Amino acid sequence: MSFETVIGLEIHAELDTKSKLFCSCPTEFGANPNENTCPICLGIPGTLPALNAKAVTLVVKAGLILNCEINKESHMDRKNYFYPDLPKAYQITQYYTPVCKGGYVDIEAAGVSRRIRLNRIHMEEDAGKLIHLEADGVSLIDYNRAGIPLIEIVTEPDLRSPEEAVAFLIALKSMLEYGEISDCRMEQGSLRCDANISLRKKGQNALNTRVELKNLNSFKELKKALEYEEKRQKKLYTLKEEDKIVQETRRWEAVKEETIPMRSKEDADDYRYFPDPDLGPIIINDTLIREIKKNLPEMPVIRKKRFRELYGLKNKDIDIIVGYKALSEYYEALVSCGAEPKVGAKWILGSILKLLNEKGLKAEQIPIPPEELGKLIEIIEEGKISITAGQEVFSEMFRTGKDAENIIKEKGLSQISNRLELERIINSVLSNNPQSLSDYAAGKKQAAVFLMGQIMKASKGRANPQLANEILDERLKKGLL
Ligand SMILES: [Zn+2]
């Protein structure tokens, strides 16, 4: 029997605000436990929340970027449940009227373009964080995260494979980054993904029981967890044991590479949602929408098209460069400093990405200003240093922040393009390698390659390769006469 996989995603993204959703506590990551708290985000009775206007602006912006309809009036609701990370015993969220309705994201997976519909985007506060110290048998609570503004983006169950789910998350992340809505640092939890997955017979319209997978916080985990769950459910259907697929929340165990049950999934009724009486309606007028629309940044899809037309780069390369906003901005700055577009792309895709990966740095942390890299590229193009020496200078620039000219001077890397000096080096190499000379004379052309290697070695990589090759060629021909 052939099955179809049905996947829907729920993505939480921390909004890029300086303060929390209902109080003025800072949102920065990495503070000491419970440092960023106050009576409001600690849920002390008698305090009142006041809504952060910047957060509302960001939700509207996200909605416009993701092609949603904006509700002119929306409300905050209380979602009631008890858990130690939720000091008020309710979460302030939006249930009845979210800020954004509908919307879509266009994706491409395995060469197929598809439009994935969104159901809604709503705004809510984050909960605190429990830290379980298993060795000591205690759990600690850090409320720094409590009250941090989030958006939850809910898709329709339109995704049909784990690959599509990953392509969707990549596209969405990039759009949120371009819109400066969230920094989307998955490793810090500012972008988190839950997935609902079920299978049905091909051609069947109704949806079968779905399973929710929680906290898939990297593209790799999302893909692996969905693939595992897809396989698990398929097996149960094939064995006619589909009654074992129950509506539940499962956790991905990265070490064991399997999903395990966490709890049976609650229904909306369990939360007793009701409008929060402490907060008034959120009114979004046309002026605000127009203002946000006017200042929307260029989106990745448009930028990709522009890069293709303007710089003539390959699609594969554009996908990588435009995939990171900071990287694409660095690239354009580099080109505007005079680097030839294809040469500039080669540096970004090669040396820069390699060192960023090695050092675990983000694209926005490239330690070399684009104008300095531009200068290095120019020095290489002018033949003042060899490409090999250029790589060495680049690593040193990356490591020390010094400029190219100083490093070249300090390391004595400038290329030898002086004919007399090169002739001196070549003469000495030839007199030290008489065997190669006679090999060449005997018709073994590869002896020339060996000699060229010796010349580069003797000059510590500084010989201008073209000129050295030319001189060597002359000498060898002379030797044959
Ligand atoms: Zn606070």
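Just so it is clear, none of the values below were taken in a lab; they were calculated from the coordinates. From a predicted model like this one, the values you see are computed outputs, not experimental measurements. Note: ideal-geometry Cβ built from the backbone for every residue, glycine included; neighbour counts use all protein chains shown.
What is the set of long-range amide H partners of LEU118 at a cut-off below 5 Å, with H atoms built 1.01 Å from backbone N?
Those lying under 5 Å, H to H, from LEU118 are GLY103, TYR104, VAL105, GLU156.
Tell me the volume per residue, in Å³, of the convex hull enclosing the alpha carbons of the chain. Don't skip to the answer; put the middle values down first.
Numbers: hull volume 113.3 nm³, N = 481.
Here the figure is 235 Å³ per residue.
Can you tell me which lysines have their Cα less than 22 Å from the Cα of LYS444? Leave out same-chain residues fewer than eight positions away.
Once the sequence-local lysines are set aside, what remains near LYS444 is LYS457, LYS477, LYS478.
Considering only DSSP states other than H, G, I, E and B, which GluC sites (Glu not before Pro) in region 379-481 qualify as loop sites with at most 14 other Cβ atoms within 10 Å? Before the final figure, lay out the partial values.
Details: sites: GLU381, GLU382, GLU392, GLU396, GLU405, GLU410, GLU421, GLU423, GLU470, GLU474; in loops: GLU382.
In loop regions of region 379-481 (DSSP not H, G, I, E or B), the sparsely surrounded GluC sites (Glu not before Pro) are GLU382.
With N denoting the number of residues in region 257-337, provide Rg(C-alpha) divided by 2.2 N^0.38 Å, to two decimal places.
Compared with the compact-globule rule of thumb, region 257-337 sits at 1.94.
Give me the distance in nm between label points sitting 7 Å out from Cα along the Cα-to-Cβ direction at HIS132 and ILE260, one decimal.
Once both label points are built, they end up 0.9 nm from each other.
Quick one: compute the contact order of region 235-341, relative version, from alpha carbon pairs under 8 angstrom and 6+ residues apart, as a percent. Don't jump to the answer; show the numbers that get you there.
Numbers: 49 pairs, mean separation 12.7, N = 107.
Taking the mean separation of contacting Cα pairs over the length of region 235-341, I get 12 percent.
If each residue of separation counts as 0.36 nm, what is the full-extension length gain between LEU310 and LYS460 once their alpha-carbon separation is subtracted? Don't skip to the end; give the middle numbers.
Working: separation 150, 0.36 × 150 = 54.00 nm, distance 3.91 nm.
Net length gain for the segment: 50.1 nm.
Using the Karplus equation 6.51 cos²θ - 1.76 cosθ + 1.60 (θ = phi - 60°), what ³J(HN,Hα) coupling, rounded to whole Hz, does each residue of region 380-394 give in order, writing x for Gly and Pro?
For region 380-394, the Karplus-derived couplings read 5, 4, 6, x, 6, 9, 7, 5, 4, 5, x, 5, 5, 4, 4 Hz, x marking Gly and Pro.
Amide H to amide H under 5 Å from MET262: which residues, 5+ apart in sequence or cross-chain, H placed 1.01 Å off N in plane?
THR249, ARG250, ARG251
Can you work out the FRET efficiency for the pair LYS402 and GLU340, with r the C-beta to C-beta distance and R0 = 25 Å, to the nearest 0.05? Each step should come with its number before you reach the end.
Details: r = 24 Å, r/R0 = 0.97.
Working from the Cβ atoms, E equals 0.55.
Can you list the GluC sites (Glu not before Pro) in region 7-83 that are in a DSSP coil and have 15 or fewer other beta carbons within 10 angstrom? The partial results should precede the final answer.
Details: sites: GLU10, GLU14, GLU28, GLU35, GLU69, GLU73; in loops: GLU28, GLU35.
Sites meeting the loop and neighbour criteria: GLU28, GLU35.
Would you mind checking the pairs LYS101/LYS362; LYS220/LYS293; LYS304/LYS325; LYS72/LYS293 and listing those with alpha carbons more than 22 angstrom apart?
Numbers: LYS101/LYS362 33 Å; LYS220/LYS293 34 Å; LYS304/LYS325 11 Å; LYS72/LYS293 15 Å.
Checking Cα-Cα distances, LYS101/LYS362; LYS220/LYS293 exceed 22 Å.
What is the helix-to-structure angle for 325-336, meaning the angle in degrees between its Cα long axis and the longest Cα principal axis of the chain, kept from 0 to 90 and rounded to the nearest 10?
Compared with the principal axis, the helix lies near 30 degrees.
Once Rh is set to the Kirkwood radius over Cα pairs, what Stokes-Einstein translational diffusion coefficient, in µm²/s, holds for region 300-411 at a temperature of 20 °C and a viscosity of 1.002 mPa s? Numbers along the way, then the final one.
On the way: Rh = 14.2 Å.
Reported coefficient: 151 µm²/s.
Are there cysteines in the chain with no other Cys C-beta under 4.7 Å, and if so, which?
CYS23, CYS25, CYS38, CYS41, CYS184, CYS193, CYS337
Using just the helices of the chain, give the 222 nm mean residue ellipticity in deg cm²/dmol: DSSP H runs with n ≥ 4 each add -39,500 (n - 2.57), and the total is spread over all residues, rounded to 500.
The helix contribution divided over the chain gives -12500 deg cm²/dmol.
Which ³J(HN,Hα) values, rounded to whole Hz and listed in residue order, are derived for region 89-101 from phi using the Karplus coefficients 6.51, -1.76 and 1.60 in 6.51 cos²θ - 1.76 cosθ + 1.60 with θ = phi - 60°, glycine and proline given as x?
6, 8, 9, 8, 9, 10, 10, 6, 9, x, 5, 10, 10
In degrees from 0 to 90, rounded to the nearest 10, what is the angle of the helix 300-311 Cα long axis to the longest principal axis of the chain?
Orientation of helix 300-311: about 20 degrees from the principal axis.
Could you run the Karplus curve 6.51 cos²θ - 1.76 cosθ + 1.60 with θ = phi - 60° over region 452-464 and give me ³J(HN,Hα) per residue in whole Hz, x for Gly and Pro?
Here the 3J(HN,Hα) series is 4, x, 5, 5, 5, 5, 5, 9, 6, x, 9, 5, 5 Hz.
Just want to confirm a number: the relative contact order over the chain, from Cα pairs under 8 angstrom separated by 6+ residues, in percent. Display every interim value, and only then the final one.
Numbers: 828 pairs, mean separation 64.1, N = 481.
It rounds to 13 percent for the chain.
If one takes the longest principal axis of the Cα atoms in the chain, at what angle in degrees, from 0 to 90 and to the nearest 10, does the Cα axis of helix 465-480 lie?
That works out to roughly 30 degrees.
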